[in-house]
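Throughout, read-outs are computed from the coordinates displayed, never taken from laboratory work. On a predicted model such as this, the values are computed, not experimentally measured, just so you know. Positions of Cβ are generated from backbone atoms using ideal geometry, with glycine treated the same way; all protein chains shown enter the neighbour counts.
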Amino acid sequence: MTQSDIDIAIQLIGMHKWYGEFHVLKDINLTVERGEKIVVCGPSGSGKSTMIRCINRLEEHQQGQIIVDGIELTNDVKKIDEIRREVGMVFQHFNLFPHLTVLENCTLAPIWVRKTPKAEAEEIAMKFLERVKIPEQALKYPGQLSGGQQQRVAIARSLCMNPRIMLFDEPTSALDPEMISEVLDTMISLAEEGMTMICVTHEMGFAKTVADRVIFMDEGEIIEQAPPTEFFENPQSERTQLFLSQIL
Ligand code: ADP
Ligand code: MG
């Protein structure tokens, strides 16, 4: 491996995906450097979720290459496990286990997947619950928390697996407006610590502060990508201009 390979976190090369006959991702080419923060936006149905779900193999691509942390994603189960260990994912609908406490949600995978001793897993979980500013909620159940708090638990739970890359799929879209900023603040602090991040979001304020690059997708293609100032001030494609005029 050369130094430049090591500095690349994610690489998609000529990647295509179909759902049956439907060509959902078309010739996706994307290189994400280690520590880089990417914001992905675009109309509903443009393939944003599918693209990031392919990166940790929640969905399978059919053509081209996906390389994460130097490992090419193939059907090799061992490699998929390896990738999942490196890549954390946060969804729109939190996906917490309702019958487990916040602390148990955070320690489940470390104990069962990583074989971390329970006491140590709990210590690590408390550290991350402090980081997302809800250590006092540790013994509650998800249903007893606000949406913003639940999403911060979901972020803490991911961090307990010590990922090198974090994928966010519209993490604030299901939240009441007053809870959006507490989740974005958590994401901003992660970004400041140097985490490699791909965030699907329409929070353009977040994109402007945090993103190194904004990617616009439409109908399964990457239409345009640029640093945020350029992207917002001087969008090149008509489709990007139309999209921005609708959301800003
Ligand atoms: P976005 O996240 O940008 O809204 P998605 O990646 O969720 O878009 O979806 C892209 C397209 O693929 C949409 O037309 C959607 O209906 C379709 N799609 C998503 N998931 C599936 C699936 N499991 N089977 C068939 N079509 C799907
Ligand atoms: Mg989506």
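Structure summary
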read-out: Shape call, region 23-84: gyration tensor on alpha carbons, a/c limit 1.5; value: oblate
read-out: Euclidean distance between Cα centres, region 40-87 to region 192-221, Å; value: 17 Å
read-out: Net charge dipole size for the chain [Lys, Arg +1 and Asp, Glu -1 on Cβ; Debye, nearest 20]; value: 740 debye
read-out: Nonlocal amide H pairs with Ala138, under 5 Å, H built at 1.01 Å; value: none
read-out: Environment charge of Trp112, counting only residues whose C-beta is closer than 15 Å and scoring Lys/Arg +1, Asp/Glu -1; value: +2
read-out: Within-14-Å neighbourhood charge of Ser173 [Cβ basis; K, R +1; D, E -1]; value: -3
read-out: Kirkwood Rh in Å, taken over the chain so that all alpha-carbon pairs contribute; value: 18.7 Å
read-out: Cα gyration tensor shape for region 59-185, rounded if a/c is under 1.5, else prolate or oblate; value: oblate
read-out: Cα shape, region 164-203, gyration tensor, a/c 1.5 rule; value: oblate
read-out: Taking Ser158, Ser146 and counting other C-beta atoms within 10 Å, the order from fewest to most; value: Ser146, Ser158
read-out: ³J(HN,Hα) computed for each position of region 7-20 - Karplus, 6.51 cos²θ - 1.76 cosθ + 1.60, integer Hz, glycine/proline x; value: 7, 9, 8, 9, 9, 10, 10, x, 8, 10, 9, 10, 9, x
read-out: Ellipsoid equivalent to region 178-248 - semi-axes via the Cα gyration tensor, in Å; value: 23, 13, 11
read-out: Net charge over other residues, Cβ less than 12 angstrom from the Cβ of Lys26 (K, R count +1; D, E count -1); value: -3
read-out: Test item: Cα-centred dipole of region 1-72, Lys/Arg +1 and Asp/Glu -1 on Cβ, debye; value: 280 debye
